[in-house]
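> Let me give you the structure first, and then I'll get to my questions.
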Amino acid sequence: MKILLIRPHSLVPAAPPPIGLMYLAGYLRHFRSNLEIDVFDARVKLAPAGEVREYIRRSQPDVVGITAFTMEAEEAHQTAGMVKDLFPEVPVILGGPYPSSDPESAGKDENFDYMVFGEGEVPLLQLLKVFENGENPSTVRGIQFRQNGNLISTGPADVVDNPDEIPFPAWDLLDLDDYFRPSAGKRRLTNPIQMHERGMSVFSSRGCPYRCTYCHNIFGKKTRFRTPENVIDELEWLKREFGIQEIEFIDDVFNLDIERAKKIMDLMIENNFNLKFSFPNGLRADRMDEELVLKMREAGCYRVNYAIESGSPRIQKLMKKNLKLDRAREIIDFTAEQKISVGGFFMLGFPDETVAEMHQTIDFALKSKCHTASFFILTPFPGTEMYNDALEAGIDMEALYSDYGAVSKNLSRDVPASIIKKLRTQAFRKFYFNPVRMWNIYRTTPNKFALMRNLLRTARLSFLGKEY
Ligand code: B12
Ligand code: SF4
């Protein structure tokens, strides 16, 4: 049996290696030695539709799996259409954040035979068995499929309880040079000041117990941690097998178990790995301590993002993030003082948020020692509590898939979208037009060329009033 796994080409600006697909590939081949796995990452190849179609035709797959964010839904539908056009009998399986958060939209397209919600390893393996043995797919949990014209949903997926048992991503199936070469046409990793070309993402835990109303629930609310030893084995393997020099830890909250985080740092130091690393998608600032920051720096960390989102205690409560803002400020400043480049993530436009509260957020950023700040306008994603609340309140949430790169609906009710946009532009200007901050940014950034290129890009976008 041959399975073709595809990541579509879309407006997503960065092309880090497709870790979700490669985890699936690693898991499948561990359990099915007779399986041939072909992976086509149309995003990194910048492949137009014709090229994707030609690839599918040449691959002659028995099964096709497609991954997609919501903002890539259009391309995922198009890809499924191509498969059905070329090979009407080949089952098409859709997975990733899009079907996990919006099964209803995905389910409208008959070109998707199966949709997998959340963690994909177990359901995908079970589906392949079902295909081979001609069994009924209703025994596979965590999927949606069509039977006699009806959509059947089988509830939450079975997950791998001990994530140490999941094989490392099957990076050997890809030409990793595609991701290291600057000519890839997209940014490679997503850290704006990436130090080394040979960078790789590492996912060391699955799931997050917090319930922020704007967030996804792909890996569940019970966090499953890989042991520090298992993470260290992966780092050692990445260095040895692929010459990796830099890591992005992409857990939802890497520091959820602070003692585990410290142990990983200790082992990196003991093993003298000499790897540079960063946290591109945000640590929880109120679960950090000074000792962890110091260990991180010693182990090779040069860039941290803290996901603050709002400087208003009322909004923190409403969005159920409940971040302790005083502690967050202390740890941001401490981290910056250790010469680690610190990025802050902030959002404007929460439901019921007032202009004064947006100013509180901007002031928080301005008064902090953050080297960089990203001010996003809230994007309510299907499937989130915030989105469902808006639907219940009778707000029309229809939107184009492509709008989910940034801002699909303004939920702030009393503050018009134009004002939020203006505040955001002001926030960028005030934050970056500060000579002390500019000097600090310059001083702490190891890769000064990347820094200048990205600052110019951010400044241009903020002046044009465009999204990051
Ligand atoms: C890391 C991360 C980033 C990093 C990427 C860095 C990097 N080097 O990879 C950064 C910070 C850059 C980022 C950016 C964005 N991100 Co992001 N990100 C994540 C995060 C935390 C982890 C993604 C990941 O790699 N997971 C690990 C792999 C193993 O999981 P996976 O790819 O989902 O695959 C698993 C399953 O989904 C499933 N699966 C996936 N594909 C398939 C296919 C088949 C056939 C099957 C059966 C199963 C299957 O099985 C896989 C293995 O279990 C997720 C949240 C999360 N925990 O998932 C958000 C998340 C994916 N991001 C999200 C968004 C919206 C974005 C942005 C668009 C935000 C923005 N407005 O800028 C941008 C994207 C644009 C860009 N700039 O690239 C949303 C997507 C929501 C949605 N419905 O589309 C998520 C879910 C977070 C959220 N808040 O809701 N992100
Ligand atoms: S925003 Fe962060 S802390 Fe909140 S639920 Fe999502 S991953 Fe967890």
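> For a 30 Å ceiling on Cα separation, which of these pairs sit above it: K369/K448; K317/K409; K222/K430; K2/K262; K2/K221; K45/K263?
Numbers: K369/K448 19 Å; K317/K409 21 Å; K222/K430 40 Å; K2/K262 42 Å; K2/K221 34 Å; K45/K263 38 Å.
Check vs 30 Å cut-off fails for K222/K430; K2/K262; K2/K221; K45/K263.
> Let me ask you something else. Please list the equivalent ellipsoid semi-axes of the stretch 1-85, computed as the square roots of five times the alpha-carbon gyration tensor eigenvalues, in descending order and whole angstrom.
Working: eigenvalues 85, 50, 21 Å².
They are 21, 16, 10 Å, listed from largest to smallest.
> Return P(r) of the stretch 39-82 (all Cα-Cα pairs; 5 Å bins starting at 0; whole %; ordered from short to long distances).
5, 20, 37, 28, 8, 1
> Taking a cut-off of 20 Å between Cα atoms, list the aspartates and glutamates near K421, but don't count ones fewer than 8 places away on the same chain.
Qualifying aspartates and glutamates at Cα under 20 Å: E309, D352, E353, E357, D363, D403, E467.
> Normalised by the number of residues in the stretch 190-464, what is the relative contact order in percent for Cα pairs under 8 Å and 6+ residues apart? Could you put the intermediate results ahead of the total?
Values: 449 pairs, mean separation 48.1, N = 275.
Taking the mean separation of contacting Cα pairs over the length of the stretch 190-464, I get 17 percent.
> Compute from the Cα atoms of the stretch 314-468 the Rg and the Dmax, the latter being the longest Cα-Cα distance, and quote both in angstrom.
16.6, 50
> Need the full-extension length gain, F449 to Q78, defined as separation in residues times 0.36 nm minus the C-alpha distance. One decimal, nm. Kindly include the intermediate steps, with their values, before the conclusion.
On the way: separation 371, 0.36 × 371 = 133.56 nm, distance 3.82 nm.
Extending this stretch completely gives an extra 129.7 nm.
> Given N residues in the stretch 206-283, what is Rg(Cα) / (2.2 N^0.38 Å)? Walk me through the intermediate numbers first.
Details: Rg = 13.6 Å, N = 78, 2.2 N^0.38 = 11.5 Å.
Taking the Cα Rg and dividing by 2.2 N^0.38 Å, one obtains 1.18.
> Please list, in chain and number order, the residues 5+ apart from I152 or on another chain whose amide H is under 5 Å from its amide H, with Hs placed from the backbone.
Residues meeting the criterion, in which the H sits 1.01 Å from N, are F145, R146, Q147.
> When you have a sec, figure out the Kirkwood radius of the stretch 82-137 from all distinct Cα pair distances and drop it here in Å to one decimal?
On the way: mean 1/r = 0.0833 Å⁻¹.
In the stretch 82-137 this quantity evaluates to 12.0 Å.
> Follow-up. Determine the percent antiparallel among the DSSP beta bridges restricted to the chain, to the nearest 5. Display every interim value, and only then the final one.
Values: 9 of 49 bridges.
About 20 percent, rounded to the nearest 5.
> Here's something else I'd like to know. Using modelled backbone amide H atoms (1.01 Å from N, in-plane), which distant-in-sequence or interchain residues come within less than 5 Å of I247's amide H?
M200, K276, F277, S278
> If we restrict to alpha carbons, what Rg and Dmax does the chain come to, in Å?
Reported Rg and Dmax, both Å: 22.1, 67.
> Run the lone-cysteine check on the chain: no other Cys C-beta under 4.7 Å from the residue's C-beta.
Lacking a cysteine Cβ partner under 4.7 Å: C208, C301, C370.
> Give the aspartates and glutamates reachable from K295 as a straight Cα distance under 13 Å; neighbours fewer than 8 places away on the same chain don't count.
Answer for K295, where 13 Å is the Cα cut-off: E259, D266, E270, listed by chain and number.
> So what are the ³J(HN,Hα) numbers for the stretch 240-253, from phi and the Karplus equation (6.51, -1.76, 1.60; θ = phi - 60°), rounded to whole Hz, Gly and Pro as x?
With the stated coefficients, the stretch 240-253 comes to 5, 7, 10, x, 6, 10, 8, 10, 10, 7, 10, 4, 4, 9 Hz.
> Given the options Y306, V90, A157, identify the residue whose Cα lies farthest towards the positive end of the charge dipole of the chain (+1 on Cβ of Lys, Arg; -1 on Cβ of Asp, Glu).
Of the candidates, Y306 comes out farthest on the positive side.
> Let me ask something else. Taking amide H atoms as placed 1.01 Å from N in the peptide plane, list the residues 5 or more away in sequence, or in a different chain, whose amide H sits under 5 Å from that of N305.
F279, G282, L283, G343
Where a number appears in this text, it was derived from the coordinates with a stated rule and is not lab data. Remember, it's a predicted structure, so these values are computed and weren't measured experimentally. Glycine also receives a Cβ, built like all others from the backbone with ideal geometry; neighbour counts cover every protein chain displayed.
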